[in-house]
Structure formats: C-alpha cells, structure tokens
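The values are calculated or read from the model by the stated rules, or taken from the named source; none is laboratory data. Just so we're clear, the structure is a prediction, and the values are computed from it rather than from any experiment. Ideal geometry is used to build each Cβ from the backbone, glycine not excepted, and the neighbour counts take in all protein chains shown. Areas reflect the complete protein model, heavy atoms only, side chains present, ligands, DNA and RNA absent. Shrake-Rupley method; radii C 1.70, N 1.55, O 1.52, S 1.80 Å.
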Amino acid sequence: MDSSSPLLDRALSHARSWIASLGKRPVRPSASLEALTEAFGGALPEQGQDPAAVLDLLANAGEPGLMATAGPRFFGFVIGGSQPVALAADWLTSAWDQNAGLYVASPTVAVLEDTAGRWLNGLFGLPQDAAAGFVTGGQMANFTGLLAARHALLARVGWDVADQGLFGAPEIHVVVGEEVHVTILRSLRFLGMGQARVKRVRADAQGRMDPDALTTVLKSCTGPTLVCVQAGNVNTGATDPMEPLIAAAHAHGAWVHVDGAFGLWGAVSPRTKEQLRGVDAADSWAVDAHKWLNVPYDSGVAIVRDPEALARAVGTTASYLVRSRGLRDGVDFVPEFSRRGRGTPVYAALRSMGRRGVEALVDRCCALARRFAERLGRATGVQVLNEVVLNQVLVRFEPPGGGDADAYTREVVTRVQADGTCWLGGSRWKDRDVMRISISGWNTTEEDVDRSAAAILRCAGRS
Ligand SMILES: Cc1ncc(COP(=O)(O)O)c(C=O)c1O
C-alpha cells in the first residue's frame, strides 16, 4: 500500500466528522487563544512527530477554534460554503499537485481552466473570448484587472509601464464610486496609483453610483482614465447602473473595471440580471468563485476583455520556461508564476450544476434574503434598511426601552455571535450602525433562516 493512504484515510475521516458537525455545532468558534496557543504554539520540535498524530492534533485541537463558515447558518461577510463536488475536486487538485503556470506542466489543468473561463463568460453574458485568470479571490481579481488597465491605458499614450515603471509616467485619473470596496483602493495602493488621490462619485441611498455625477467628474479627467464600478455593494447588495456609467466612461475613452466579487453572479439569473444590464460592455471584471459559486477557498477570477492586454501586463518568459504557442500558459493570465490548479474545482462545480443549477443557487439565496428581511422587518423596533435586491440584508435595532440604536445594534450583533445559532457581523451604513446578513451558502434552508431570525429577535429582546 502507498504510504500516504492511511494518512489520507485519516484526513477523510476527520473531514467527514467536521462536515457532519456543521449544522449542529455552535457556528462561532469556542476555543480560547490560550488553548489554541497551548496546542499549536511553542518551539519547532527538534525531531519530527508521527504524521498521524499531527493530523489528529490539527483535527482535535483545531476544530474548537474553527468557525462553521461552510455551515448553513453562517451569514457573516460574504462567505459561501463548499459544495461537495467542489470540495472533492479541490482534494483531487491537491492530490494531483499540478503547477498551473504552463501548459506543458499540466495540459489537463490548462484545458479545465480554459473551459471553465469560457463557461463563466457565458454564464455572466460576457464576451466569449475574454481572458479568465484564476486567482485567490476578489482582491487579486481586482488587482489583476487594474493591472491590465494600468498597462493598457499607459500604452495608449506611448508609455511602457512594464519597462519604465511609474516614475515620470503620464498621470492616470482614477474614478471610483463613493461606496467603492476597500479592495479596489488596496489594489490601487499596490499598483502605485494611490488610494487617496481617487476621484469619488456620489452614490444614492443604496450605494449605486450616480451617472450624472460621473459625467461631471469625468470632465476633470484629462488623459488616461480608469473608472471602477461595482456589481454588488458589500453592504446593500446594490449594483451600479452599468449601462449609463459604462457608456459615459467609454465616451471619455476610459477603461472600465467592474468589481463584481459576488454581484456578478446576479447576471446568471433572469430574476436578477436586469440589475446588471450593460455589464458586458466593460473592459475587465472581478468575480469570486469562493463566494457565491461555493467553491472552497481560495478562488477568484479576473476576466479581461482583451486577452493580449492581460498577457502584456502579467505575462513573462525565461530561457528555461517551455512556452506553448497558441496554448494556454497560466502565466499569461494571472500575476502568479507557480500556482495550484485553482480552476479545477470551479470547473467541477459548474459542470455538476449546469447553468440551471447556478441560476437556482442564486435565486434560492436571494429568496432566503427576502425571507430573512420579512421575518425580521415585521418585528417591532426592527428596521430593514436596504432594498433587498440580492442576497444582502441590513438591519437596525431600537432598544426596547428607547435610547441609542447604534449602540444597541452593536450589542445585538455581539449577543447573536455569542448565542451561536448563527453568525453575522456589523457594519456602518450611511452613518448608522447595522447588522449585516449575507446569504451565500448552497446549504442554507428556509428552516435555517427561520431559526436564525428567531434567535436574532430573541437576542434583540423582541421575540
Ligand atoms: C464587492 C467586493 N469586492 C471585493 C471583495 C474582496 O473579495 P475577497 O475577499 O475574495 O478578496 C469583496 C469581499 O467581500 C466584495 O464584497
């Protein structure tokens, strides 16, 4: 027998019991920092330990410190669970241990990623031959899209940023919405374009960028211009009006990047796609597979209309690299050099669900978000602050005896987290404290929502 077999069997058994516990255990972790440090800290052992004992330690001491994010009642941030087929394909990806950087190093992974990319473009209604690069998440997908934008915008005015860098380069005007996600600003920071010098465009009460305000801001942009729009505000779920924004930006000669980390999935369903009308006209898009497709971490996709623009920005070569002309070399699609075959679980999820399955997942989460809003919103002293157009719900709580609703809302969030029935976080929306609920899991049911809503109301003293 292969020496790895008993270990893999052991890992499988630990994984099985973790997965079986997801719907039953408190969603929050229970282990203290002291207990985790006691179990895992200390000096590197001089002599190695039995591998089976190491696995047992991870499982037994580690599980109390895990959050049940893959379970049916985790509603924090925007975190999807793991569909069984995607998890299983992810295991296979690790067992295959392929380097996805070059076609020659793994023809299978290259073909899987090529196909998964085309399928995603088709699902979102994007140009069929746009390039899709498999990165770690929304942050890196935004970074990659903006990297391609920076390179292409400067090339248009005769500046080769790859060779010359940004010292002495023509200025790129960067325009973002008032409610831009922090990972766009962080990408700009990484790219030497500065997060504070952006021009911000006014947004409406739901966080959607105002097209008239964009037109006004664009008048002050003379020269290369990058406009970042958003599909799916992290708080409200609202999407910028793509058609007028992209038209105005393109009329100005700008590159348009769409941060669609979770919101782009709305384009898959006939019931939500209207919100994204015109999104296909952009130049680059960022989307997560670990969010709404429910593929295990980490998995994001950077999509760029012009594959050459992406390849010029990220591609590289060296004398020892075997390049395959006309075939998919991963290094032409992402900033990484060596990396895992991240597209494989995406391929498996898409193939096993089909278009209809993805559509149903999006619809189900949106319906559950509306159900949550309805259950909470009808209670006295509880207010749903956003239009529930996608999978996000913002809730605010008045103290039963009157008083500070900001402080009370924060208090209710803390109580819910400690209660353990479900887990969610807080946020600030338009200068008010809110509870944020995000429904992104394939395994959440109506019963989970009802049970969680009841727990939230109990914690708010409103049951
Ligand atoms: C709109 C938006 N963009 C980007 C991101 C970052 O994605 P990731 O956490 O996968 O890097 C998020 C995460 O919630 C998001 O909501």
Next item on the list: With the condition kept exactly as written, say whether any residue in segment 84-96 is more than 30 Å from residue 27 (Cα to Cα) and open to solvent by less than 30 Å² (accessible area, probe 1.4 Å).
Entry: no
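Let's see how each residue does on (1) in a helix (DSSP H, G or I); (2) over 18 Å from residue 181 (Cα atoms):
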| site | (1), (2) |
| --- | --- |
| 266 | yes, no |
| 308 | yes, yes |
| 321 | no, yes |
| 336 | no, yes |
| 348 | yes, yes |
| 351 | yes, yes |
Notebook entry, point to check: Out of (1) open to solvent by less than 10 Å² (accessible area, probe 1.4 Å); (2) over 25 Å from the mean Cα position of the chain (by Cα), what's the single condition that is false for residue 462?
Noted result: (1)
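With in a loop (DSSP other than H, G, I, E, B) and either within 16 Å of the ligand (Cβ to nearest atom) or in contact (Cβ under 8 Å) with a residue 12 or more places away in the chain (or both) as the only criterion, which of 52, 43, 68, 35 stands out?
One residue alone meets the criteria, 68.
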Check: Do we have any residue at all in segment 180-189 that's more than 12 Å from the ligand (Cβ to nearest atom), under 26 Å from the mean Cα position of the chain (by Cα), buried (at least 24 other Cβ atoms within 10 Å of the Cβ) and within 19 Å of residue 314 (Cα to Cα)?
Finding: yes
Next item on the list: Please state which one of 175, 161, 198 is open to solvent by less than 30 Å² (accessible area, probe 1.4 Å) and in contact (Cβ under 8 Å) with a residue 40 or more places away in the chain.
Entry: 175
Notebook entry, point to check: Taking segment 396-418 as the search range and keeping residues that are under 27 Å from the mean Cα position of the chain (by Cα) and in contact (Cβ under 8 Å) with a residue 60 or more places away in the chain, which one is surrounded by the fewest Cβ atoms within 10 Å (Cβ to Cβ)?
Noted result: 418
Notebook entry, point to check: Picking from 200, 150, which residue would you name as being closer than 27 Å to residue 78 by Cα and among the basic types (Lys, Arg)?
Noted result: 200
Checklist line | Pick from segment 201-231, criterion within 16 Å of the ligand (Cβ to nearest atom) and open to solvent by 10 Å² or more (accessible area, probe 1.4 Å), ranking: farthest from residue 438 (Cα to Cα) | finding: 203
Check: Across segment 245-297, which residue is nearest to residue 137 (Cα to Cα) among those that are of a type in the set (Gly, Ala, Ser) and open to solvent by 20 Å² or more (accessible area, probe 1.4 Å)?
Finding: 281
